[in-house]
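Heads up: the structure comes next, in structure tokens.
Any read-out appearing in this document is the output of simple, stated calculations on the displayed coordinates, not a laboratory observation. Quantities reported herein were computed from a predicted structural model and do not represent experimental measurements. Using ideal geometry, Cβ is built from the backbone for each residue, glycine included, and neighbour counts are taken over all protein chains shown.
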Amino acid sequence: MRGGVRGPGVSNLPAELTSFVGRRQELREVKRLLTTTRLLTLTGTGGAGKTRLALRAAAEMSRGFPDGTWLVSLASIRNPLLVTQAVFSALGVHDLSAGLSLSSLTQYLAGKHLLLVLDNCEHLLDACAVLVATLTRSCPDVTVLATGRQALGVAGEVRMVVPPMSLPGDKDEISVQQLLGSDAVWLLRERAAAVVPGFTVDAGNAGAVLDLCRRLDGIPLALELAAVRLGSLSLDQLNQGLASELSILGAGDRGAEYRQQTLEATIGWSYGLLSEQERLLWARLSVFAGGFEQDAVIEVCSGPGVPASRIADLLGALTEKSILQRQLVGSSARYWLLDTLRQYGQQRLRELGEETTTLKRHLGWIGVLAKSIGAWDDRQVEAFARIADERDNVWAALDFCSREPDEVAAAAGAAHDMMTFWACRGPFSDVRRVLTSLAETAPQRSLARAWLLWVAAVMAHRENDYRACAALCDASRQIGTELRDVELAAWSLLVGAIPLWADGDLTGARQRLESALMLAEAMQVEHVELDARSTLCGVLAAAGELDRAIELGEQAIAMSMRLGELWVRGFALNYLGQATWLRGDRPRGEALAREAATCKYALDDRNGLAIVLETLAWMAAELGQHQRAAHLLGAAERVRHETSQTLIELFRTQHEKSQSVAVQGLGHKSFEAAFARGRAMTISEAATFAVEDRQLPKPVPAAGTGPHTGLTRRELEIARLVADDLTNKEIAARLFLSQRTVDTHVTNILNKLGLGSRVQLSRWIADTTG
Amino acid sequence: MSGPGQGTAAAGAADHPASASLFIVERRLPMINEYQLAVLQAALTAAACRFSSRGDGVRYLRSIFVARQERLLSLFVAETPEAVRAVNEAALIPFASIESAIELPGPAEP
């Protein structure tokens, strides 16, 4: 999802994987309360179905929130300081802000009318309470629906307890009809029918069904875990097994604590019925945060007791038993554990004495993913998309490193490899804080410390905090020099040149960059050489040394094309475009800058895209295309707003010059109107407008025209291209996306609309758009 | 003068038990504006109130912003640095360091 979408039906709510059963009264009440309060908290024991109820209510109320309904899943977050980031991430916004994420979030949400579903708040109660209090105070049209085992305790909060599912009355004689009137029985029947086709509740099994539902106290998760066992056990066997497992609970007060114990005992019973391999896998899977794919499971969980060749079957078996949730994404499946089941797995893993080993393997797997980013090759777009999917796992791995000083070198290696990703996607301030903190745990004169400080310096540069950037680079360079690590020294010189450039010291910046380039050439450190040539091109273009700038820019692009990477190429094209333009070849200069925008958009590098849009605005202004210049300045502002960025100081002079020329050409009023039109573009519209020399795109009709669709604007756009008979590969090329991203979108579209094929989707588009 | 870590003379700190100490939390906030400072202050206050209202032994006194250095220094009275850390994390405001501090009181007011 690329931020900035507006229109009914905008959301990131997941498709429902199983039917929503019962809860009519509760659903009605949640919806009623949401019309009267801006903060509703659903409380209840684990497994009570709070999340499911919240999601259903949010989906049904989405029309009332023009800026969308957004699920913020907090289950995998352990660090309270990452809560704000989780919200940004759910909103599909890359947080590229400098400094305080909380205020950036309130500013982003201030004018928006949307619903946030904060799910699983219990372990971050204080942080969630402060977040919600801040949002309700600063963002008058934001409504929050929170779920947790306890209320947040914030002024204005309305609380609603989600009870277990309704059970038949206490009478001994209950008719089948009465039984089916209970939500608990209805849920059991639905889930049982999924594993035993034709399963129904009749006079023959009514007693056993009643016993089972009462025994499990109507707790939805417990009922689900039991029902799926009907594929191999009879109702009587289920009742006997559970009776023995739950007997230790006695007949106490059936309050929240009792229900929690019932759930835990049911989970324990379900665990006991698994094979040894399934049990072991469940425990090991608990190290993942925010889901996982099969390849990751093989990397992290296979080994003694769980052969790699059995992983696929075991994942299938755990899914069938409702231990794992699965969603198809393109051609692959993504799995996750519900939080309650993940916590149970973590306990078992600790008991097995495998926690540290498995977390180390998880860290190793993240290291491998990071290496694919650090390769700077033609898989860069796919590698970025993959690591973006594993964002929660990356934070979990870094969190592990912060607790295990021996792993700081691994953290530094991964951070070094991930620099380009973080430089594009942020969150700058959180990455910088976490890496600086990790650096404190490393030995003073170690490469690990130096690399962590260097990546932190890159983040500081992105935050416009040049003083810190310079200090961090000096520290890393000093260590690099002492330890004679040429790559580190060269990178530190390179990044350390940026603050000088920003300060107008072009000579100083040039000297550092030349030194970095010389070191890189001598030691054949290709990535430094590439970036140094590109950045030198920019500095020399600013200094008016155009021939040398052009020579370096062309060398950088040639190198980049040989490697296949896009990140530096985008900047090199931008600087080369400026130099070429300044030397007088304006058509080529502009063509190069447009190509730069294509690279930045393909990588979803919004920081870079905003820079290139500014270059194109400057060119348009110089050409006297004042309208286009104003549109582009507005579009750049939109990109910055969507990512909470401020204008990069390095480019302020250029920005002010472009604006001044466009205002002079158009007059204030017309400039403001054209700027506003540019600012109203989505990021993809802005990129298209910048790259293709055409008029402003017509506004895409809001998603959800006609019946409620739940499709985002991007999904609707892709759905239309599917209807135009384009393949996913063709759509990817058209929209500057990776094929994998398009695969994911198409799967989500089909899931959301409940369709089974592209043909059906084409028909649906024809029907809804006439 | 208070002894190290006692801070009993701090305004607002005197009503805390003798086991409470003064802590200073430092953060760098480049380019922060007034709006952001107001959000930060409200979040710190809200978080500290939650903790102190349930008797968690921590109290937020005040913050001082040194604009030229882009540094914010926040004073807390607490029984442990962990409590100060927890309040700052709950406030969703990152920090650079938490150090115990000594207060040197000025002359008594007339």
Original post:
Between the helical axis of A:339-352 and the dominant principal axis of chain A, each derived from Cα atoms, what acute angle in degrees is found, rounded to the nearest 10?
Top reply: 90
Original post:
Rounded, prolate or oblate: which one fits the stretch A:183-229, using the alpha carbon gyration tensor with axes a ≥ b ≥ c (rounded when a/c is under 1.5, else prolate when a/b beats b/c, else oblate)?
Top reply: oblate
Original post:
Hey, got the Cα dimensions of the protein assembly as shown along the principal axes, in Å, largest first?
Top reply: 93, 80, 58
**OP:** Find the Cα radius of gyration of the stretch A:280-353, compare it with 2.2 N^0.38 Å by division, and give the number to two decimals.
**Re:** 1.01
**OP:** Would you work out the relative contact order for the stretch A:176-272, in percent, from Cα pairs under 8 angstrom that are 6 or more residues apart?
**Re:** 29
**OP:** Compute the separation of the alpha-carbon centres of the stretch A:392-414 and the stretch A:313-330 and state it in Å as a whole number.
**Re:** 28
Original post:
Charges only on Cβ, +1 for Lys and Arg, -1 for Asp and Glu: so what's the dipole of chain A about the Cα centre, in debye to the nearest 20?
Top reply: 1580
Original post:
Regarding the stretch A:1-118, what is the average projected area of its C-alpha convex hull, in nm²?
Top reply: 8.1
Original post:
How big is the charge dipole of the stretch A:25-92 about its Cα centre, in debye rounded to the nearest 20, if each Lys and Arg gets +1 on its Cβ and each Asp and Glu gets -1 on its Cβ?
Top reply: 100
Subject >> 10 Å binning of all Cα-Cα separations within the stretch B:21-101, expressed as whole percents from 0 upward >> reply: 20, 56, 22, 2
Original post:
Counting pairs of alpha carbon atoms under 8 Å apart in space and at least six apart in sequence, what relative contact order in percent does the stretch A:24-161 give?
Top reply: 39
Subject >> Exposure proxy order (Cβ contacts within 10 Å, fewest to most) of A:ILE731, A:ILE366 >> reply: A:ILE731, A:ILE366
**OP:** Determine Rg/Rh for the stretch A:605-692; Rg is computed over alpha-carbon atoms and Rh is the Kirkwood hydrodynamic estimate from the same atoms.
**Re:** 0.93
**OP:** Determine, for the protein assembly as shown, the count of lysine pairs separated by eight or more sequence positions (or lying on different chains) whose alpha-carbon distance falls under 25 Å.
**Re:** 17
**OP:** Give a residue-ordered list of calculated ³J(HN,Hα) values for the stretch B:51-58 (Karplus: 6.51 cos²θ - 1.76 cosθ + 1.60, θ = phi - 60°; whole Hz; x for Gly, Pro).
**Re:** 5, 6, 5, 9, x, 7, x, 8
Original post:
So what is the relative contact order of chain A, in percent, for Cα pairs below 8 Å that sit 6 or more residues apart?
Top reply: 12
Original post:
If eta is 1.306 mPa s and T is 10 °C, what Stokes-Einstein diffusion coefficient results for the stretch A:176-272, Kirkwood Rh from Cα pairs, in µm²/s?
Top reply: 119
Original post:
By how many degrees, 0 to 90 and rounded to 10, does the Cα axis of helix A:713-723 deviate from the longest principal axis of chain A?
Top reply: 90
**OP:** With only Lys, Arg, Asp and Glu charged, each at its Cβ (+1 for the first two, -1 for the last two), find how big the charge dipole of the stretch A:336-382 is about the Cα centre; round to the nearest 20 debye.
**Re:** 160
Original post:
Can you sort A:HIS362, A:HIS655 so the residue with the fewest Cβ neighbours within 10 Å comes first?
Top reply: A:HIS655, A:HIS362
**OP:** Taking trypsin sites (Lys or Arg not before Pro) as candidate sites, keep only those in a DSSP loop with at most 10 other Cβ atoms within 10 Å, then name the longest stretch of chain A containing none of them.
**Re:** A:172-483
Original post:
Angle between the Cα long axis of helix A:567-583 and the longest principal axis of chain A, 0 to 90 degrees, nearest 10?
Top reply: 30
Subject >> Cβ-Cβ FRET estimate between A:VAL368 and A:SER402, R0 fixed at 25 Å, reported to 0.05 >> reply: 0.80
Subject >> No Cys partner within the rule (Cβ under 4.7 Å), chain A >> reply: A:CYS139, A:CYS213, A:CYS301, A:CYS401, A:CYS424, A:CYS469, A:CYS473, A:CYS537, A:CYS599
Original post:
Can you tell which of A:ILE718, A:ALA423, A:ILE387 lies farthest toward the positive end of the dipole of the protein assembly as shown, using +1 and -1 charges on the Cβ of basic and acidic side chains (Lys, Arg; Asp, Glu)?
Top reply: A:ILE718
**OP:** Starting from the Cα gyration tensor of the stretch A:545-601, take the square roots of the eigenvalues, sort them a ≥ b ≥ c, and report rounded, prolate or oblate (rounded when a/c is under 1.5, otherwise prolate if a/b is larger than b/c, else oblate).
**Re:** oblate
